[in-house]
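What follows draws every value from the coordinates through simple rules; no lab data is involved. Quick caveat, the model's predicted, so the values are computed rather than measured. FYI the Cβ positions are ideal-geometry reconstructions off the backbone, even for glycines, and counts take in every protein chain you see.
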Protein chains: 2
Amino acid sequence: MVLEKDDRLILLTNDDGLYAAGLKTLLEVMEEFGKVVLVSTMESQSGMSQALTVKTPLRVKLLEENEKHRIYACNGTPTDSVKLAVNQLLERIPDYVAAGINHGANASVSVLYSGTMAAAIEGCLYGISSVGFSLNSFSPTADFSVCKEYIRIVMKKMALKPLPAGVCLNVNIPAVKSDEVKGIKICRQSKGNWKEEFEKRKDPMGKTYYWLSGFFQNHEPEAEDTDEWALRNNYVSVVPVTVDMTAHWYLEELKEKFNK
Amino acid sequence: MVLEKDDRLILLTNDDGLYAAGLKTLLEVMEEFGKVVLVSTMESQSGMSQALTVKTPLRVKLLEENEKHRIYACNGTPTDSVKLAVNQLLERIPDYVAAGINHGANASVSVLYSGTMAAAIEGCLYGISSVGFSLNSFSPTADFSVCKEYIRIVMKKMALKPLPAGVCLNVNIPAVKSDEVKGIKICRQSKGNWKEEFEKRKDPMGKTYYWLSGFFQNHEPEAEDTDEWALRNNYVSVVPVTVDMTAHWYLEELKEKFNK
């Protein structure tokens, strides 16, 4: 069944907080597709991964309500926001969960750390068609308008036929002018990791502290089927992300290893 | 090359904090296998997933140093602890990262939320043979001694031949007497999700707040090749976990979807 706009309920969230430019852009586009309920974290929650708030109570505030949308702020993580929305705030299970637009790419192993992608994964765990969008720019003046066209395409594709159970989409958009984007590329997650990750400093009391820092190292820069390659070459990368972390291909070998 | 005990450097961490009984048990067993450096979070960080501390400085305190081990406390998440250890505290890249023993199982989709498994995944991203151990009990008086024998077996298997790149192990141990454990079962992650996840309450000011709560629902209780089945049937479950979240099996279908 293909849902009409008036029938669609879309849950929106992000990890850059309520006043992030990317969230505003995503809200504008999503209102073209259905009724939107936005549950955002009050502050930035970048790098929070799938973290849950278990030690402190969660609070939610309804900030705005009109024909097109309801907007809530939540004091938890992006994953908390999705859980609270689905369990407590929404009138029914939404048809889509959309997260972002993240300020900065979530390609390669960043999917493991990203609060934005965690929100999409959380939606996916509820059996909802879910997607995270990110723009490949950390510039405070980044222009998110290039994303609109590609968000529309992805949403239309998802509307035609739902994603399989346990799969959501990780969409990264290059931060270039619209006419420089070469199109959409379906990719796999690139292999890579982070390097030289801390700055060691002294506080005014002479005590040592560390700031997280460092840079991403792509282990396969030549691999044209990866999200990192696509982004670097001005494609929009779309990676199907599974919630099943089992290394299925290694099961038999591991059984042999333990049977010896 | 098979390393001898004196050559092995093992990084230990957990997400239940420095005074957790499971950590003490894991330290005891690991000292049989090599020199141990333990970097624990100061407080419990359950459900923190792969979260990174990006907005506040990290601090580390050396608490104890002897021939067998060094013990540090860190104010960050389990993932921060591994990153800090590898980048700043260890004399070299360790041969193993071991996390746990978690107080409570991390089977099925709990792998996505678990700080313990995040620490193992973080080790894996550095190319280190990594494993997370969990005991299937939340009881404050849980007896972790049943774990020792199985930790030894897993460590010996990992010592014989390293895990493939990008794969770590998720080991869950049933909370029963040693002679009731039926053995080790290599498994895949069971499909499931969490239900009715919040308690809605009023604070003394009359304002609403929510506590995370709920219960796990296994979607395939009859599937004998899953970790949930193994645990429920008194097996130690060992799941090979991949850091590659791409749904490879869906790539071609997704390409077709976007080419139409």
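Can you pull out the residues in the range A:101-151 that are more than 8 Å from the chain's Cα centre (by Cα) and of a type in the set (Ser, Thr, Tyr)?
Matches in the range A:101-151: A:Ser108, A:Ser110, A:Tyr113, A:Tyr126, A:Ser129, A:Ser130, A:Ser137, A:Ser139, A:Thr141, A:Ser145, A:Tyr150.
Any idea which of A:Gly76, A:Gly47 is in contact with a helix residue (DSSP H, G or I) (Cβ under 9 Å, 6 or more places away or on another chain), outside any strand (DSSP E or B) and free of Cβ contacts under 8 Å to residues at least 60 places away in the same chain?
Step by step, each of A:Gly76, A:Gly47 is checked, and only A:Gly76 is in contact with a helix residue (DSSP H, G or I) (Cβ under 9 Å, 6 or more places away or on another chain), outside any strand (DSSP E or B) and free of Cβ contacts under 8 Å to residues at least 60 places away in the same chain.
Tell me, yes or no, whether the range A:126-136 has at least one residue that is over 30 Å from B:Ile93 (Cα atoms), among the polar types (S, T, N, Q), out of contact with any Asp or Glu (no Cβ under 9 Å at 6 or more places or on another chain) and more than 9 Å from every other protein chain (Cβ to nearest Cβ).
Yes.
Looking at A:Phe216, A:Phe198, which one is within 10 Å of another protein chain (Cβ to nearest Cβ), surrounded by 14 or more Cβ atoms within 10 Å (Cβ to Cβ) and either more than 16 Å from the chain's Cα centre (by Cα) or within 30 Å of B:Asn75 (Cβ to Cβ) (or both)?
Going through A:Phe216, A:Phe198 in turn, just one is within 10 Å of another protein chain (Cβ to nearest Cβ), surrounded by 14 or more Cβ atoms within 10 Å (Cβ to Cβ) and either more than 16 Å from the chain's Cα centre (by Cα) or within 30 Å of B:Asn75 (Cβ to Cβ) (or both): A:Phe198.
On the given criteria, is A:Thr79 buried (at least 24 other Cβ atoms within 10 Å of the Cβ) and within 11 Å of another protein chain (Cβ to nearest Cβ)?
Answer is yes for this residue.
Just give me the residues in the range B:222-260 being of a type outside the set (Val, Ile, Thr) and touching a helix residue (DSSP H, G or I) at 6+ places or on another chain (Cβ under 7 Å), in sequence order.
If the condition is that a residue be of a type outside the set (Val, Ile, Thr) and touching a helix residue (DSSP H, G or I) at 6+ places or on another chain (Cβ under 7 Å), then B:Ala223, B:Asn234, B:Ser237, B:Pro240, B:Met245, B:Lys257, B:Phe258 are the ones that fit.
State whether one or more residues within the range B:201-212 are assigned to a loop (DSSP other than H, G, I, E, B), surrounded by 13 or more Cβ atoms within 10 Å (Cβ to Cβ) and at the interface with chain A (Cβ under 9 Å from one of its Cβ atoms).
No: zero hits.
Name every residue in the range A:1-30 that is of a type in the set (A, V, I, L, M) and in a helix (DSSP H, G or I), in order of residue number.
Within the range A:1-30, A:Ala21, A:Leu23, A:Leu26, A:Leu27, A:Val29, A:Met30 qualify.
Are any residues in the range B:9-60 more than 17 Å from the chain's Cα centre (by Cα), crowded, with 20+ Cβ neighbours inside 10 Å, within 14 Å of another protein chain (Cβ to nearest Cβ) and of a type outside the set (A, V, I, L, M), and if so, which ones?
B:Thr53
Going residue by residue through the range B:236-249, is there one that turns out to be touching a strand residue (DSSP E or B) at 6+ places or on another chain (Cβ under 7 Å) and more than 9 Å from chain A (Cβ to nearest Cβ)?
yes
Take A:Arg152 and decide whether it is surrounded by 12 or more Cβ atoms within 10 Å (Cβ to Cβ), basic (Lys, Arg) and at the interface with another protein chain (Cβ under 10 Å from one of its Cβ atoms).
It is false that A:Arg152 is surrounded by 12 or more Cβ atoms within 10 Å (Cβ to Cβ), basic (Lys, Arg) and at the interface with another protein chain (Cβ under 10 Å from one of its Cβ atoms).
Specify which of the listed residues (A:Val29, A:Val39, A:Val60) is farther than 16 Å from A:Ala120 by Cα and in contact with a Cys (Cβ under 6 Å, 6 or more places away or on another chain).
Of A:Val29, A:Val39, A:Val60, the one residue that is farther than 16 Å from A:Ala120 by Cα and in contact with a Cys (Cβ under 6 Å, 6 or more places away or on another chain) is A:Val60.
Whether any residue in the range B:142-165 is out of contact with any helix residue (DSSP H, G or I) (no Cβ under 9 Å at 6 or more places or on another chain), on the phi > 0 side of the Ramachandran plot and of a type outside the set (A, V, I, L, M, F, W, C) is what I want to check.
no
(1) more than 9 Å from chain B (Cβ to nearest Cβ); (2) over 28 Å from B:Gly123 (Cβ atoms): which one isn't true of A:Ile186, the others all being true?
Every listed condition holds for A:Ile186 apart from (1).
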